[in-house]
Every structure is written in C-alpha cells, then in structure tokens.
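In what follows, a single structure is set out as structure tokens and then discussed.
Each value in this text was obtained by applying a stated rule to the coordinates, not by laboratory testing. Note that the coordinates shown come from a computational prediction; the quantities given were computed from them, not determined experimentally. In this analysis, Cβ positions are derived from the backbone assuming ideal geometry, glycine residues included, and neighbour counts consider all displayed protein chains.
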Amino acid sequence: MPASTEKGFSRRAFLQGGALLMVFTLVPASRRVLADTEVDTLGTVVLAPDLPGSLRTNPYLDAWIKIGSDGITVYTGKVELGTGVKTALLQIAAERLEVSPGSIRFLTADTALTPNEGYTAGSHSIFDSGTALFNAAAQVRQLLLESAGRTWRLDPSILKTHDAVIQAPSGQKMTYADAVAGVELHQYAKADSPLMPISDFKLIGHSLPRLDIPAKVSGGAAFIQDIRLPGMLHARVIRPPRPSASLERFDSELIRSMPGVLEVVHDGNYLAVVAHDEWQAIKAMRKGYELAQWNGGDPVPESSTIHELLTRLPAKRYPISHEGGSLKGSGARFQARVTKQYLMHGSIGPSCSVAWFKEGLLTVWTHTQGVYPLRAGIAEMLGLPLEKVRCIHTEGSGCYGHNGADDAAADAALIAMRLPGQPIRVQWMREQENLWEPYSSAMLTQLDAGLDGQGRLEDWSYELWTTPHNERIVNAGRLIPARLLAYPFVSAPSIPIAQPEGDGDRNAVPLYTVGSTRIDMNFVTDMPFRTSAMRSLGAHINIYAIEACIDELARQSGSDPVAFRLTHLTDPRARAVIEQTRDAFGWPQRPATPGTGIGFAFARYKNIMGYCAIAVQVYVHPQTQVIEVERVVTAVDVGQIVNPDGLRNQVEGGIVQSMSWTLYEAVSYNAEGVRSYDWSGYPILRFPQLPSHVDVHMLDQPGQPFLGAAEIVQGPMAAALGNAVADATGRRRLNLPLGRAVEEA
Amino acid sequence: MTTTTLHVNGSAHTLDIDPDMPLLYALRNHLGLNGAKYGCGLGQCGACTVLLDDKPVFSCLTPCSGMEGRKIRTVESLGSAEQPGPLQQAFIDTQAAQCGYCIAGMIMRAQALLEQEPHPGEEAILAHMAPNLCRCGTHLRILEAIRHVSKDGVKHAG
C-alpha cells in the first residue's frame, strides 16, 4: 500500500479530534498540535496536558476571567497584530459567558496581567487562546450558576442568565458580580465544558465590527507611536553600516552640544541619541551617522549567487519524510530547481517602543508578538530580575512575523536605564527597519517526482536549503542591541520548528497521496543575512514548488490539473474547497485572448490547519511580460468561523500580500551592501496592480475546531499565480519573484 | 527656534519650532494629532498624507516654514470615532482596515479626490491612490469604502 503522508500527519495531529468534534471541546486537537510550535518557543510550560487550547499552559480560570464589582475582565496572552483577533477572541468569551461584548473589559498581552501564551504567531491565536476562552468562559459561567443555585437552594440547571444577571424561574435575580462571591475562580479548568448547541451561538459565526477601527480612522491614540507620556523624551539609534562592524571613532561631545540633545549613549558598538524633541533627535542621529567611523563587518553576498552559496554553507540536514520504497515511477516525471530571494516584512510603520525605568521597575510598551519572551530577553540583557521588567503590548503597524519590534523594545529599554525616571520613545527610521529587520530566508528547493503507469503519483523527492525561520527571543543575544554592547551577548543556536508545523520545511510534505517520499531539509545555520519568521515561513515556496510539479505532471499525463489533484486527495474538506473553487471559477474556462492564462493551487496550511484552494486568471503582456491579475477565486475552510467578515478580510489581504511577494518582491543586495533601504529599493504592490476581481468563498464548519486563518492563502496564491503564468506563456518560471525574472526549468 | 503659525483643521497655532521641522512632527508632537503617521520620511508610502490647501501632500517632507497662510487638514478634521464623517463612516462600514496604520493617510488622499471629483471612475481612483502603500492587503476594501462615498457624495469638510 502506498504510504500516505496525509494519514501520517493526521494521526500525529488532528485526526483524533474527529470523534469529539460535535461537542466542540477541541481537546485532543489542541493538545497535539501545540507541542513544539513557534508559539511556545519560550516561557510556556505545559501544566495541564489534558486541557484544551492555552489552558494547557495557563490552567487557572482566573488567569482568563475575573469578575468583580467593577465588571467582567477577560485576559488573553495573545496580541492584536492587525488581523482582528482581539475582536474575535472577545466574541468567543462573550458568547460563552453569555454576556454582551460591550460588558467585557478585554485585555491583551501584558506580563503583569495576562496569561503567558508565548508568541502570537503561526495562525495559532484563535486555535490556542480562542479555544481556551471558549472553554474557560463557559466553565466560569457554570460556576456562577452553581453559586446562585447554592444561595437559592435551586438546581443550577433551571437557572438562566441574561446580560450578566442570573435569573431563577421565580424571578429572583443575582448579578455575576454577586454570584462570584461564592466561587473560587482560582482553580484549574476542567477538561470538559458545558455544551452549547451551535444554533444558540449569537456571536460566534457573526460579523461583529472590529473594536479598533473607529479610532484608527479618526486619529485616536491607536498605536504605540501615539503614546505620549509626561516628560517623554525622543531617542534615535545609530546603527553600524553592516552587522559586526566595529566603531573606530565617534565624537559624542559634538552631538551632545546640539540643540535639545540630552544624552548620547555609547556602549561598544551601540549608539543612540536622546533629545527633548523628536526632530532634534533625528538631526542628532543624522549627525551621528556622519561622524561615526566604522571598520569591518560581515561581508554581504552577491544576490546572483546566493542560492549556490546556501548549498555550501554549514548546515544541518533534517530528514522530513522518508516513506515507502525506492521504486521510481515509470510514467511522466518533473524535475525542478525553485528559488526565492530574501523578503522583508515591510511594515508600513517602522518599529517603535516606549520604555520607562521608574522606582526600580522597567516598563516597556512594545508591539512585540511575545511579551513574555521579550521580557526575559530584556531582563537578561540588563541584568534585571524578571519581576523588575514589565512588557505591555501596544499595537504597532502590521508585522507579519518577527520584524524589528523586539529589537526596538530592547533599544528603548537600554536607553531608559541610562535616564531613570524619564519615559523614552524610540522610533526606528525607515532605512533602519529595512536594513535591520530579520528577513524571510532566501531558499532553494529541488524537486524530482514521477507518476506510475496509471498516472498516479509514485515517487516524490524534495530537498530544500534554508536559513532559520524562527530566530525568536530565546535569549538576550537574539536582540540586536544586546549584540552591539561593549560586552556583547551572543545569539542562542538556531533550532528549526519541528514538523508537523515545520520551519523552512513548512508544507514541504505534499498532502497528496504519494507512493513514496524522500524529503529533506538543509538547515543553514551560518546566515548570510539574519532571518526569522515571516508569514507562512517556508510554506510560500514549498507550496509553490509542489503545486508547480502537480500542474506539470497533470499536463504531461493529459489530465486536467484540478481533476488530477482530486484524484490524489482523500480528505473530504480538501476536496470540498477545491470543488467549490473549481465551480465558482468555472474552471477550466478562460478568455481566448492570447497572453491569458489560468492557474489553480491548493494547500492545507501546515497540513493540519486551514484549507485553501485558489484559481487565478492572469494576462501576461507579450512584449513587456508585465503580469496583470484579472481574477482570483478562492474557497477556504478554517473550521468553525468566528467572524466571517474578519476571515474574509484576512483572506483578501493574504491574496494581495502574497501576490506582492510573488510577483514583485526581493531584497536587493550585492557585495556593496543592501540596496533595499527604502520603498524605491523594495517595491511592493500599489493600487494600480490590484487584481480586478476577487471572489472569496468560506466553507463554515460549525462545531469543528478553530484552525486559524491569517496565513492560509500565502502559499496557494503564489502557486496559482505561477501556474497561471506558465499557462499564459508556455514557460514555467521557477525563480521568484515572477515579475522580474524569466527563466525556464 | 523660530515662531511659526500653522493653520490646522480650522484653527491657527503659533509654535516655537525649528523652521526646517517637517509638518508631520509638528502635527504629531506639538499639536497632539495622531492621524498623520510616520512611515518612511521619504514621501514613498503616504502614511503621513494630509491636505494642504485641499491637495494631498506628504507631511513628512513638507517643512513647516512656508506654511504661513496655508490651510492644513488632517483626518481629525473629518470627524471623530463617535461622529465619523462620511468617508470615515464608509471605512468603518466596509471594515476597511487590518492593522490600520496606513488608513488615516488613505482617507486623506481619497478625501482630496472626492472633493475634486465626487464620482471618480475606477481607473481614476487607482491612479490617485497609487502613492499610498498598504502592507496588509486591505486595498480592495479601501476601494470599496471610496466607492461607497462616491455613490453617496462627500461633503467638503472645510
């Protein structure tokens, strides 16, 4: 029997959730997938392995929900990164407490207040925190009912609640705040929660408008950049021209004499200026760049040879999937070498942080994805006890992964320690973000796959080369400022995220039924550029490569590519999104215009999370080779949908963002340095390049586990574009970005 | 430092600032207005877009000197979270934000277009909005919000 990779991963991850799905406890699914993810890279300890979602690591009910005379407060250790997750989590908590969302004070990650849920990453937030709140809120409500029942000597099952008030059939009433007097909420959650018929959901599955949008359209204080504290000073950092350069000469005194300048921080290769006014700080920073003389530094490779270089650098080889025999198919074969260049997160707002060292406590406002890991890194860097550092998440510009947020927070912390009692605001400049954010790794993959005599996938060989995708803050050395100090910290060794989540190998294993697999990752630890997590990690190129191969093998065997995919998929939900997309698109219809092409792609994110199929129609201008995206149709399945409009927004965003990555983006560099220090050196999609029509279909799965949505589209959209361009031009482009290079396999 | 008078959102403000200070920093730090955002300081992304005498400008590149007698408008002039103006309301109605960092700049650029051409065609909207970047991929909704208002008309917010 052919080894099915699909079965292998399901067994390890999700399949066992099946039996319990109808009651929506989500226990087995959550338990299995949480192990070894990018979310709990640091600081989370599993205390209760049988509990659902993040209750595993934070089992006490009062870590999530507090009720008092001042109302109901709900806590999450996750943060709003611009995906609308805060609103969705509030919906879940309010649904299960059976109160209106407006009656909840909802707090996100703050090391002094909220549970430690590690990182907000990997499309895990609804899956981890949503699942925890879904259960904790229902259990708290149940405890309140029981408390009222004891007081009234009534069976709690006959009691009802409305707007945080418990009512008995006789008309007696008790508020949640009164009922909580008879309850100890500082207790472990239970594995089982009270059931709620899906038909009773009033919030889950409904499009509650985002809480944060009114302030964002009207100039409200919505972002970390908008924090203004009394006596706040403005700082700017001065970075070396390249990593590992050493400072030879610097005239602090000259800068100190500039108008408004209060402090110049000079510690080894670390430089920063502090001024009363932001514009004064910028002028002092510019003077600092002028005056600082640097020597040496890490060489910058040539972009034209980076993929060859990756194969020569020190690497650890990780076997990813070796299933089945060594039989080679006798039918069609496809071999390819697929590459991508370094990409930037490219947040529109460069990183920012505010820190205040006051009465022995350092408070850091930060747009990090993980306040607890950052706190540990900053405490280590400064030699402070953990309890003397508090990190509070405050929204920044969208980050899409590990950008400069943590480093900017470390900057603010370092500088604030030099000026006790005074709040310090650090704002990175555009070029600092572009030159110092961790990039998404350049990658090389090689694929060789063949069909058997009956046109079925027989053998699948895939090897990839990547630098790390998860250089999160596991020690102080992961923070750039800490590396620049006179006594520098050194980064902890790089470790990839294990399968099934995967790192550079995320989605390297096809979900399709294959006779045998030989899939390996070469994890290059000697990084030409510092790299870390960016949406979908390696899945972007891995899905691109897999789906290009599927397309080519289908073509060679005379099959329709959609039918070919369906032939090799058993999971009904995978088939459903493909069929929905096919039908809504009218596949394989297309206009007869020369230069027009259509392409199809599918993936299940990490092979265990959300499903996405996409069909696109492109027009490739015959002379200029400019690619226009005329039409995009997608169908997604992310389990139970919490907020349909929020999901649609994420899917639309994924389509546009992935299109930008895939068609236009690459960090531009050569031995002279990085050219992409601004938007002219790193062009991204602008309005005129938008797809003309986008059609999103959402297949809701009431009662099924939440699977997360933010990254499901990146890989399939890229792959569908590649397939459509190949269809339009007859040439398979295997080097990303597609809009720049024209090459053949 | 010299004295500079800025006419912002209908009021005159006399500030003691460096004349070479870009308008962005005066608006944010000296007038406490959050709408205009720092994005690049290079006029490449549009996060800092405000209206100067009814035309969209990059406030990160516009020095405060030379602002005498000129009329500056930021997103705060269009309405508030409690009482949003028509274009702000359209952005709320269409949920046209993900992280939202670019949105105030998007609204101001669109406002300039709609005041000049209340019913712009699709191509005109795309071309007009091209200077402003969004990284979350919210463009489709931003267009939808603009279309909402171009159907209903937009009042000049003065």
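Observations
- Volume per residue of the C-alpha convex hull in region A:36-213, rounded to whole Å³: 119 Å³
- Shielding by other protein chains, A:642-649, mean Cβ within 10 Å: 2
- Kirkwood-based shape ratio for region B:2-77, expressed as Rg/Rh from alpha carbons: 0.91
- Cα-derived Rg over Rh, computed across region A:44-96 with Rh taken as Kirkwood radius: 1.00
- 5 angstrom amide H check on B:Y101, placed H, neighbours 5+ away: A:G398
- Hz values of 3J(HN,Hα) by residue in region A:353-366 - Karplus curve (6.51, -1.76, 1.60), Gly and Pro given as x: 7, 10, 9, 8, 9, 9, 6, x, 10, 9, 9, 10, 8, 8
- For region B:9-17, Karplus couplings with θ = phi - 60° (6.51, -1.76, 1.60), whole Hz, Gly/Pro x: 6, x, 10, 8, 10, 9, 10, 9, 9
- Prolate/oblate/rounded call for region A:261-341, Cα gyration tensor, a/c under 1.5 rounded: prolate
- Segments A:203-213, A:693-703 sorted - mean Cβ within 10 Å per residue, highest first: A:203-213, A:693-703
- Relative contact order of region A:374-496, taken over Cα pairs closer than 8 Å and 6 or more residues apart, is 26 percent.
- Here the protein assembly as shown carries DSSP beta bridges of which approximately 75% are antiparallel, counting only pairs with both residues inside.
- Remark: region A:602-609, residue by residue, has Karplus-estimated 3J(HN,Hα) of 8, 7, 9, 4, 6, 6, 9, 10 Hz, where x stands for each Gly or Pro and the curve is 6.51 cos²θ - 1.76 cosθ + 1.60 at θ = phi - 60°.
- Computed on the Cα atoms alone, the convex hull of chain B gives a volume of 101 cubic angstrom per residue.
- Listed from fewest to most Cβ neighbours within 10 Å, the set A:Y270, B:Y101 follows the order A:Y270, B:Y101.
- Nearest 10 degrees, 0 to 90: helix B:139-152 Cα axis against chain B principal axis: 80 degrees
- Fraction of antiparallel bridges per DSSP, region A:211-351 only, in percent to nearest 5: 100 percent
- FRET efficiency, 1/(1 + (r/R0)^6) with R0 45 Å, evaluated for A:K358 and A:S157 via beta carbons: 0.30
- Summarising the amide proton neighbourhood of A:L233: residues at separation of 5 or more, or on other chains, whose placed amide H is nearer than 5 Å comprise A:I424, A:R425.
- Distance from the Cα centroid of region A:98-153 to that of region A:316-338 is 46 Å (rounded to whole angstrom).
- Ignoring lysines fewer than eight residues from A:K202 along the same chain, the ones with Cα atoms less than 30 angstrom from its Cα are A:K66, A:K78, A:K86, A:K160, A:K173, A:K190, A:K216.
- Exposure proxy order (Cβ contacts within 10 Å, fewest to most) of A:C549, B:C45: A:C549, B:C45
- Per-residue [θ]222 nm for chain A (sum of -39500 (n - 2.57) over DSSP H runs n ≥ 4, rounded to 500): -8000 deg cm²/dmol
- Cα gyration tensor shape of region A:219-370, rounded if a/c is under 1.5, else prolate or oblate by comparing a/b with b/c: prolate
- Rounded, prolate or oblate (a/c below 1.5 giving rounded, otherwise prolate when a/b exceeds b/c) for region A:595-679 by Cα gyration tensor: oblate
- The coefficient of translational diffusion for region B:78-152, derived via Stokes-Einstein from the alpha carbon Kirkwood radius under 20 °C and 1.002 mPa s, stands at 176 µm²/s.
- Convex hull projection area averaged over all views, the protein assembly as shown, Cα basis, nm²: 37.1 nm²
- Annotation for region A:554-625 versus region A:366-436: alpha-carbon center distance of 43 Å.
- Average beta carbon contacts from partner chains per residue of B:35-48, 10 Å cutoff: 6
- Ordered by the number of other Cβ atoms lying within 10 Å of each residue's own Cβ, fewest first, A:Y188, A:Y176 fall into the sequence A:Y188, A:Y176.
- Shown here for region A:204-302: GluC sites (Glu not before Pro) in loop regions (DSSP other than H, G, I, E, B) with at most 16 other Cβ atoms within 10 Å, namely A:E302.
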